[in-house]
2 protein chains.
Amino acid sequence: MPATSHEHDRLIRKLESIGDLSAGEKAAIGRLPLDVRVFGAGTDLVREGDRPSHSCLIVEGMTCRYKMTGDGQRQIMAFHLPGDIPDLQSLHLQTMDHGLGAITRTTAALIAHESLYELFRAHPSIGHLMWRDTLIDAAVFREWLVGVGRRSAYSRIADLLCELFVRARAVGLTHGDTMELPITQSELGDALGLSAVHVNRVLQELRADGFISSRGRTLVINDWPGLEKAGDFDPTYLHIRRMAA
Amino acid sequence: MPATSHEHDRLIRKLESIGDLSAGEKAAIGRLPLDVRVFGAGTDLVREGDRPSHSCLIVEGMTCRYKMTGDGQRQIMAFHLPGDIPDLQSLHLQTMDHGLGAITRTTAALIAHESLYELFRAHPSIGHLMWRDTLIDAAVFREWLVGVGRRSAYSRIADLLCELFVRARAVGLTHGDTMELPITQSELGDALGLSAVHVNRVLQELRADGFISSRGRTLVINDWPGLEKAGDFDPTYLHIRRMAA
DNA sequence: CGTCTAATTGAAGCATCTCAACATGCGTGG
DNA sequence: CCACGCATGTTGAGATGCTTCAATTAGACG
């Protein structure tokens, strides 16, 4: 594996979107031992109850974190893009209290917790940056909580689309006002606390109101200011420092 | 201030509920410089948009973290008990994306971020424990998300009562099957994404079903297994290691 | 005691759900 | 390259959990 592979680059680009890295730190990250694996759509990368000894860097594909309720309903709590390490928390929380599932076919690079501890020992500020990343994670949960608790379905969906677009843009995964969004309406419902049927109707409204359109799995933003307003969206909670080039 | 004051004890007791501390670490925490302040009920300890240079250790009183939506509704995202440091995150996230409010008259000990950095440098494992604490925070947000997104009002309220009781017990704030719960029904509503009226009706149901009762601001658990079942409660997400003596 | 906040009750409305049918698109094997 | 099959998206109609508004009662506190 070259000193700085495609996989390492994903991680570096992500970390640079939320903070600063020196050349030496980038080089050290580039030397992280990675174990690259592929997961089929619909499979779990990590299950609730697992006690992992590694964390997963998403390299390609869309993943989500979710919990099942006692009566078999699903709540999706976050969507994750390439560059994210959704289960970084398992570094300090032994038992997974939720699952990590692949929405599309996903490539992930497994990083041993031991390697991370070593990296942080040599470069404490990388540790701080990763702590920061888990804090941003928490900020996103809080924002979703506001949405599900207090916003209308219309506003909630608009807000989520804004979030996904801004996060994708921060790591260079958008093309103009367009991004790949391989999430079904049923999954959107499980994320927003809505039924798939209602998601469908509200998406039609958002299209009719001229904010968005879609070609297959591609989302097109037609009116960004309008969508932001409809979603009461304020990107502060994402704590993004800078956009990818 | 004595080497280990009441304020320091609160923090030590909290950290011991989620992990281990050596004698030396406890002593180091006992030497943390604290600036004790009192906040009236209904006032803010920290406001959305602030860029704090310290974090707040709650010593007495009930506090909450909340956000306001564009149309003036409030969503409470967490309740905090003595021993908690609700805005520990401001250590690595410059701008507060939500407020920290006092529900009752609250005593808080301000800890300069500088002091924390110094403590972590000398005792890295205290830093890890505090990282762990912010991760548990995030786990609680996730659990609330599941409740608000996918559970009935009845189940959601039962779940919240279970959480508060277990957390209070972990830091020694319960008396038998009783605890102080100075939260109004309107605040419960803002936390659970419900109207105060509906909270009232559901609380009556929970009392009628024999799970709980209340004397003034004191909550009494009459049927713990029943309440757990009603709330689909599983304490795993709290990641508590051990109960206070 | 009077005042203010919190809790309680009733009644009407609506955002969203559930169920059920039908349409569309897409991957795959014949 | 067409036909089949299955996942996803779309539509309609009826049901409901929770909301809103508005009034009343109970508690706490000077």
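Here are the numbers:
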quantity: From A:Glu187, A:Glu143, residue being modelled with pLDDT of 95 or more, within 19 Å of A:His80 (Cβ to Cβ), of a type in the set (D, E, K, R) and assigned by TED's automatic domain parsing to the domain that holds A:Glu205; calculated: A:Glu187
quantity: Filter result (outside any helix (DSSP H, G or I) and within 11 Å of DNA strand D (Cβ to nearest atom)) within the range A:199-218; calculated: A:Ser213, A:Ser214, A:Gly216, A:Arg217
quantity: Search result, residues across the range A:179-198 that are surrounded by 15 or more Cβ atoms within 10 Å (Cβ to Cβ), closer than 16 Å to A:Tyr66 by Cβ, of a type in the set (A, V, I, L, M) and within 10 Å of DNA strand D (Cβ to nearest atom); calculated: A:Ile183, A:Leu188
quantity: Counted residues, the range A:98-123 - those being in a helix (DSSP H, G or I) and either in contact with a helix residue (DSSP H, G or I) (Cβ under 8 Å, 6 or more places away or on another chain) or surrounded by fewer than 15 Cβ atoms within 10 Å (Cβ to Cβ) (or both); calculated: 9
quantity: Residue in the range B:222-244 that is more than 11 Å from chain A (Cβ to nearest Cβ), modelled with pLDDT under 95 and more than 22 Å from B:Asp137 (Cβ to Cβ) present; calculated: no
quantity: B:Asn222 being closer than 30 Å to A:Ala191 by Cα and over 21 Å from the mean Cα position of the chain (by Cα); calculated: no
quantity: Exclusive hit being among the acidic types (Asp, Glu) and more than 9 Å from chain A (Cβ to nearest Cβ), set B:Glu143, B:Glu163; calculated: B:Glu163
quantity: Single residue of the range A:29-79 satisfying the filter (on the phi > 0 side of the Ramachandran plot and over 16 Å from the mean Cα position of the chain (by Cα)) that is farthest from the other protein chains (Cβ to nearest Cβ); calculated: A:Gly42
quantity: Test for A:Glu180: is it away from DNA strand C (no atom under 15 Å from the Cβ) and acidic (Asp, Glu); calculated: no
quantity: The range B:141-155, residues that are surrounded by fewer than 21 Cβ atoms within 10 Å (Cβ to Cβ) and either more than 22 Å from A:Arg142 (Cβ to Cβ) or touching a residue at least 60 places away in the same chain (Cβ under 8 Å) (or both); calculated: B:Ser152, B:Tyr154, B:Ser155
quantity: Residue list for the range B:195-207, filter: more than 8 Å from DNA strand C (Cβ to nearest atom) and more than 18 Å from B:Leu219 (Cβ to Cβ); calculated: B:Ser195, B:His198
quantity: Qualifying residue in the range A:38-59 (condition: surrounded by 14 or more Cβ atoms within 10 Å (Cβ to Cβ) and without any contact (Cβ under 8 Å) to a residue 40 or more places away in the chain); calculated: no
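Here is a yes/no grid of residues against (1) within 16 Å of DNA strand C (Cβ to nearest atom); (2) surrounded by fewer than 20 Cβ atoms within 10 Å (Cβ to Cβ):
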| position | (1), (2) |
| --- | --- |
| B:Ile157 | yes, no |
| B:Gly216 | yes, yes |
| B:Trp224 | no, yes |
| B:Tyr237 | no, no |
| B:Arg242 | no, yes |
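The values are calculated or read from the model by the stated rules, or taken from the named source; none is laboratory data. Keep in mind that this is a model prediction, so the values were computed, not measured. All Cβ positions, even for glycine, are placed from backbone atoms using ideal geometry, and neighbour counts span all protein chains on display.
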